[in-house]
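Asker: A single structure is presented below for examination.
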Amino acid sequence: MTTLAELNSTPGKKAAWWVADIAVVIYALIPVIWTISLSLKTPGNINDGKYLPTGGMSFESYQAIFKDTVFTRALINSIGICLISTAIALLLGVFAAYAIARLDFPGKKLMIMMSLLVAMFPQIALITPLFKIETAIGIFDTWPGLIIPYVTFALPLAIYTLSAFFREIPWELEKAAKMDGATPFQAFKDVIAPLALPGVFTTAILVFISCWNDFLYALSLTSTSAARTVPAAMSYFTGATTYEVPVGPITAAAVVITIPVLVLVLLFQRRIVAGLTNGAVKG
Amino acid sequence: MSHPATTVDPSGPGPGREAGTGVGPHDEAEGIAIARKRASDGKKAERRLGWMLCAPAVIVMAAVAGYPLVYAIWMSLNRADLRLPDDNQFIGFSNYVTILSSPIWWHAVWITLLITVVSVFFELVFGMLLALVMHRALVGRGLVRTVALIPYAIVTVVAAFSWRYAFEQGTGWLAGDSAPLTSQGSSLAIIILAEVWKTIPFMALLLMAGLALVPEDLLKAAAMDGASPWQRFWTITLPMLKPALLVALLFRTLDAFRIFDNIFVLTAGNNDTSSVSMITYNNLIGGLNLGIGSAMSVLIFVMVAIIAFLFIKLFGAAAPGSDSGGRK
């Protein structure tokens, strides 16, 4: 009698798994390598239609975008806005998630339903009212004007992921702390918070990626480069010249904003997988 | 990967627990009374702390999502065209009548539904395959799990530009002599391709979490009884995967229905490829017609609510976060 693992471990099966692995790698990397390739092509051969920059490489496109304040400003906006949004969403999310995971109080179900509702919210539905409200109070086209919707739409993700992590922390420790005379808040601060840090960190990555990805708000709630983030700024690279599309600069900008998330993914693969699966399936 | 409820005492500190046992009949009543009071004081404090901790998040979500939604509903009942600022007035459901009798709107609705159904179908098939590879691969499992996260992490707009240039005549390695982004059918196919490429990993991760809950012993027993891998998948894995599958489908369906970024970059809605979000955006930002745009927003909100309702009520998808969530 053989076990399932043994059934699967013949050399043929192993080879089959390698084929599957390679298929996944090709699937994931094809558009990425293509974008890098375009960004490195020289202006002369950018339209040669070849997958790889075999006709010669240069960093001209990169030099061009970093010389241009439109891009550098957008990059600063992206980094600043996403970091601040992540920090605020985490702070609020940690409070709410702790309450949901650990405390028993009326209205908890309502709280969960509300986050779910916000998670399912069609963002486009908020463009007009937010535009009107933000122009009225003078935060249209500013950092806070983007941070506020980013925090809101990151909150459900933060709350779900964090509460899933918090539920795995052993109750007994908190009880012990309370028996030693700690208040519920002290138990939270001194006992749970340190245990929860890995989960908080993972959630931070997920929230950051979701803010980094936003396009709709960046496009609709900005009008100048004062707060426009890179994804929105990139689409204006194209708008500038209708017939001659600046492929090089756009792809170079694309590569630049892809690097931070790629680094996060490569470094924290395990955590990201755990965070995504915990939050959604265990909730 | 077990459900928290199986490892953690879900009831927490309840009043019944604190009532002393093994105490004499005289002290017992008194003891219970004291314990009850203490428990109810504790309950009160717990309740207060719970509300306090949730309040900031609730306030933000209510202020930034709830209030503007109400505002959008109000605006949708008004003629609010920024090009005619003096002509603002309450016009009841006229905007809705205009939209619902417009073939452009219905075309966008069908396009959105088509994109949603087709892309979620492919995401499900490929997501399942990827989940199985990530879960079962005997070799290179870490590599596969890392690489598969790349499409998830890449900004949608970045990936969309990559696909756009790949299919652009002259520039693109996939275009050849044709210009696929200039006709409706091939444009839609590319939009779906971009959408599917980007979201397979998300689907796969949710399904993989479900796969981890399928008991290995059961699969082993079935294998020993001579069940083929295909039979094991259909009769054991898939039924046990149902809750995770429904959650993944719900999330992805709602997400696909709101599709905007890919269409904006790939076709900007040309060649009849506008989704409902796309034409709403065009009415708001391009047309500056806030009344019509708001009414469209409200209609999208209603459609999203209907989809969620169908999933949760009809198919029994457990809303994530609900304590009774179908997974034990």
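The values are calculated or read from the model by the stated rules, or taken from the named source; none is laboratory data. Since this is a predicted model, take the numbers as computed values, not measurements. Virtual Cβ from ideal backbone geometry, glycine too; neighbours counted across all protein chains shown. Quick note on the areas: whole protein, heavy atoms, side chains included, nothing else; ligands and nucleic acids left out. Shrake-Rupley method; radii C 1.70, N 1.55, O 1.52, S 1.80 Å.
Asker: Here is a list: A:A74, A:A87, A:A99. Which entry is out of contact with any Lys or Arg (no Cβ under 8 Å at 6 or more places or on another chain) and not aromatic (F, W, Y)?
Answerer: A:A87
Asker: Moving to a separate point now. Which ones in region B:266-302 are open to solvent by 10 Å² or more (accessible area, probe 1.4 Å) and in contact with a Pro (Cβ under 8 Å, 6 or more places away or on another chain)?
Answerer: B:F301
Asker: Turning to a different aspect of this structure: Any chance region A:150-159 includes a residue that's open to solvent by less than 10 Å² (accessible area, probe 1.4 Å) and of a type in the set (G, A, S)?
Answerer: Yes, region A:150-159 has at least one match.
Asker: Filter region A:161-209 down to the residues that are open to solvent by 40 Å² or more (accessible area, probe 1.4 Å) and small (G, A, S), then identify the one that is farthest from A:L116 (Cα to Cα).
Answerer: My answer is A:G181.
Asker: If the requirement is being surrounded by fewer than 20 Cβ atoms within 10 Å (Cβ to Cβ), assigned to a helix (DSSP H, G or I) and facing chain B (nearest Cβ under 8 Å), which of these qualifies: A:I112, A:I133, A:I100, A:I127?
Answerer: A:I133
Asker: Scan region A:136-146 for residues that are in contact with a helix residue (DSSP H, G or I) (Cβ under 6 Å, 6 or more places away or on another chain), in a helix (DSSP H, G or I), aliphatic (A, V, I, L, M) and surrounded by fewer than 23 Cβ atoms within 10 Å (Cβ to Cβ) and report the count.
Answerer: Summing the residues that are in contact with a helix residue (DSSP H, G or I) (Cβ under 6 Å, 6 or more places away or on another chain), in a helix (DSSP H, G or I), aliphatic (A, V, I, L, M) and surrounded by fewer than 23 Cβ atoms within 10 Å (Cβ to Cβ) in region A:136-146 gives 0.
Asker: Right, something else. Give me the residue from region A:8-52 that is hydroxyl-bearing (S, T, Y) and at the interface with another protein chain (Cβ under 7 Å from one of its Cβ atoms) and, out of that set, surrounded by the most Cβ atoms within 10 Å (Cβ to Cβ).
Answerer: Within region A:8-52, the match that is surrounded by the most Cβ atoms within 10 Å (Cβ to Cβ) is A:T35.
Asker: Within region B:192-220, how many residues are open to solvent by 50 Å² or more (accessible area, probe 1.4 Å), among the aliphatic types (A, V, I, L, M) and in a helix (DSSP H, G or I)?
Answerer: 2
Asker: Of all residues in region A:7-62, count the ones that are outside any helix (DSSP H, G or I) and over 24 Å from B:A194 (Cβ atoms).
Answerer: Matching residues across region A:7-62 total 12.
Asker: Taking the options B:L138, B:L174, name whichever one is assigned to a loop (DSSP other than H, G, I, E, B), without any contact (Cβ under 8 Å) to a residue 12 or more places away in the chain and more than 8 Å from chain A (Cβ to nearest Cβ). Please lay out each step first, then the result.
Answerer: Working: B:L138 fails: more than 8 Å from chain A (Cβ to nearest Cβ).
Testing whether each residue is assigned to a loop (DSSP other than H, G, I, E, B), without any contact (Cβ under 8 Å) to a residue 12 or more places away in the chain and more than 8 Å from chain A (Cβ to nearest Cβ) leaves just B:L174.
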